[in-house]
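Here's the structure, in C-alpha cells; my notes come after.
The values are calculated or read from the model by the stated rules, or taken from the named source; none is laboratory data. All values derive from a computational prediction rather than experimental measurement. Cβ: placed from backbone, ideal geometry, glycine included. Neighbour counts: every protein chain shown.
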Amino acid sequence: MPISLETHLFSIASITISPDRQRSGEIVTTDLEHSISTNGLINPIIVSRDGTLIAGERRLTACKRLGLDQIAVRFFDELSPDEAQIIELEENVRRKDLNWRDEIRAIARIHEIHKTMDSGWNRNKSAAKLGISPEYMSQYLRVHRELDSPKLAGATSLSSAYNILSRADQRKNADILSDVLESVKGTFDKIGQGGGQDKVNDDKSDEDKKFDSNPGPGSTSTSSPPPPKPAPQESLLNLSFFDWTETYSGPTFNFIHCDFPYGVNVFGGTMAGGQTAGDYNDSPDVYFALIEHFCKNLDVFASQSAHVLFWFAMEHYTKTIEMFQELAPDLVIQKYPIVWFKSDNTGIVPDTRRQPRRVYETALIMSRGDRFIVKPVANTYAAPVDKTYHPSTKPEPMLRHFFQLFVDDTTTLFDPTCGGGSALRAAESMHAKRVLGLEQDPEHFKNAQSALRSFRALRGA
Ligand SMILES: C[S@@+](CC[C@H](N)C(=O)[O-])C[C@H]1O[C@@H](n2cnc3c(N)ncnc32)[C@H](O)[C@@H]1O
C-alpha cells in the first residue's frame, strides 16, 4: 500500500481516548506547547476513522491546553504497513506491563523499520523519537543482538542484561590483549633463545593421551597425509606443581583455582608416621613453599587478565596476604573472602573449652589486570562435605555457585593441586573452554581421572 501523507483537520472535541491506553503519571507538555504555538504541529496525530486516538496523546493534550479547536490527524487505515507497525510497537513500548525482553524487541524493531524507510536514519533519531537517551538506545540495541543467548538466561532487566554483556565484552577484550602480549613475548623469547621448540610434556600412557587430547571435529582416515595436529591439551597431569612449571610453555590461563594443602596439619601430623590412605603433607612448610612458587611463576601459567580463587585457613591469613603482596604485587586481593558453610555442620573444634566448631571455609578472590566477573552472586554458599573422591574435596555444587563469578565459555581454568578434580568438573559443566589440573599423588590423580572420565561420559563429551 503506498504511503499516504494526507492529513485532515479533525475536531479535538470529537477525539476519544480509549480507557486501556495506559499512561504513567501526568503528561508534561510545556515544551511541546511552546513549540506548537511557535511552529505549529509538525507531526499529525493518528486516529481511527471514528476519532479514537491511536498515537499522539501528548500532542493532543498540548493542543487542548493551548485551547485549539482542531488538530491535524492522519487516519490509521491510510498509513503504510511499516508506519502502522511502528505505531503499534510504540504503543506496546508505552504499556506499563510490557516485559523487558518484549520491550527490547519492540524498540529494536522500531529502529529497524525506520532504517528501511529512511537510509539516513540512525540510533540517535530512534532515541529522540522514543524519548529515551542515546546511551539507553545503545544498550537496547546491544542487548537485542544477544537477547536469546544462554548468557542472558538469568538476566532480569535491560540493565542486568547489559551489565552481563559489557562484562563479557571487557573480559573478551582483556583476553585478546593478553594473548597479543603473550605472543609478542613468545616471539622475543624465541629470538633470544635462537629458535624455539615448544616443550611438550610427554609423560603419559597412550591411553591417557587419547583421554586428554582434544582432536577437534573433522578428523579423517583417508590415505592423504593428516593435517598437522594441534598439541594435545591435557586436562589432568600426575605431576608436582613444582616440576610442571619447569617445563610448561603452553597458553596461560585466565582463571586459577587454588586449593593448596592449608598448612594446618589437618591429618594430625600423621605425615611424620602412621599415615592413612589419602592423607597428604599438610605442613606449613609445604603451604608456604607452594605460595612462593605460585607467585614466582605467575607468568608461566596466569594470563595478564586473570582471576585467582585461593582457599586458605585463618591460621595463616596474615602471612598469606603479606606473601602475595610482596611476591605477586600485580594481584589485587579483594577484602571480603567468599565463604563455604558446611551445611552438614562438620568441622573441627580446636579447643572445646574456648572455641566454637569451625564449620566454614574461606577463599580469597584476586584478580590480575582488573578483570571483570561474569556475574555477581552471593559470597556465601551452604553445601555438605563430600569425600567421595578426595579427603578434602571442595564440593562441586558449591564450586559451581562461586564459579558463576568467573566461568563462561571463554574460561581457561588451571588448578595446580587439584586433588579429586572437583574444580575441573565444575568448570567443564559450565562450558569452560579448557581445564588443567595437577595432582602429585598417584592415588588422588587416578580418582580425579576416573571421576572426570565418568563425568564426561555422562555429559556425552
Ligand atoms: C586441599 S587438597 C585439594 C582438594 C581439591 N580441591 C578437591 O576438591 O579435591 C590439596 C591437594 O594438593 C596435592 N598436592 C600437594 N602438593 C602438591 C604439589 N606440589 N603438586 C601437585 N599437587 C600437590 C595433595 O596431594 C592434595 O591432594
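Tabulated data
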quantity	calculated
Any hit, the range 314-330, residues being assigned to a helix (DSSP H, G or I), over 22 Å from ASP441 (Cα atoms), of a type in the set (Val, Ile, Thr) and touching a strand residue (DSSP E or B) at 6+ places or on another chain (Cβ under 6 Å)	yes
First in the range 91-107 and under 19 Å from GLU57 (Cα atoms), second anywhere and crowded, with 18+ Cβ neighbours inside 10 Å and small (Gly, Ala, Ser), Cβ under 6 Å, 6 or more apart	ASN92/ALA106; VAL93/ALA106
Subset of the range 331-351 [of a type in the set (D, E, K, R) and either part of a loop (DSSP other than H, G, I, E, B) or at pLDDT below 95 (or both)]	LYS335, ASP344, ASP351
Flag for THR245 being farther than 20 Å from LEU452 by Cβ, more than 11 Å from the ligand (Cβ to nearest atom), at pLDDT 95 or above and surrounded by 14 or more Cβ atoms within 10 Å (Cβ to Cβ)	no
Subset tally (residues that are among the acidic types (Asp, Glu) and within 14 Å of the ligand (Cβ to nearest atom)) for the range 290-339	1
Helices (runs of 4 or more DSSP H) completely within the range 367-461 that count 3 or more residues being under 30 Å from LYS335 (Cβ atoms), in contact (Cβ under 8 Å) with a residue 12 or more places away in the chain and within 13 Å of the ligand (Cβ to nearest atom)	396-403, 422-429
Test for ASP351: is it in contact (Cβ under 8 Å) with a residue 12 or more places away in the chain and surrounded by fewer than 16 Cβ atoms within 10 Å (Cβ to Cβ)	no
From the options LEU141, LEU79, residue that is within 18 Å of THR7 (Cβ to Cβ) and surrounded by 14 or more Cβ atoms within 10 Å (Cβ to Cβ)	LEU79
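Yes/no matrix, rows are residues, columns are (1) in contact with an Asp or Glu (Cβ under 9 Å, 6 or more places away or on another chain); (2) in contact (Cβ under 8 Å) with a residue 24 or more places away in the chain; (3) not in a loop (DSSP other than H, G, I, E, B):
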| position | (1), (2), (3) |
| --- | --- |
| ASP148 | no, no, no |
| LYS151 | yes, yes, yes |
| TYR162 | no, no, yes |
| ARG167 | no, yes, yes |
| ILE176 | no, no, yes |
| VAL180 | no, no, yes |
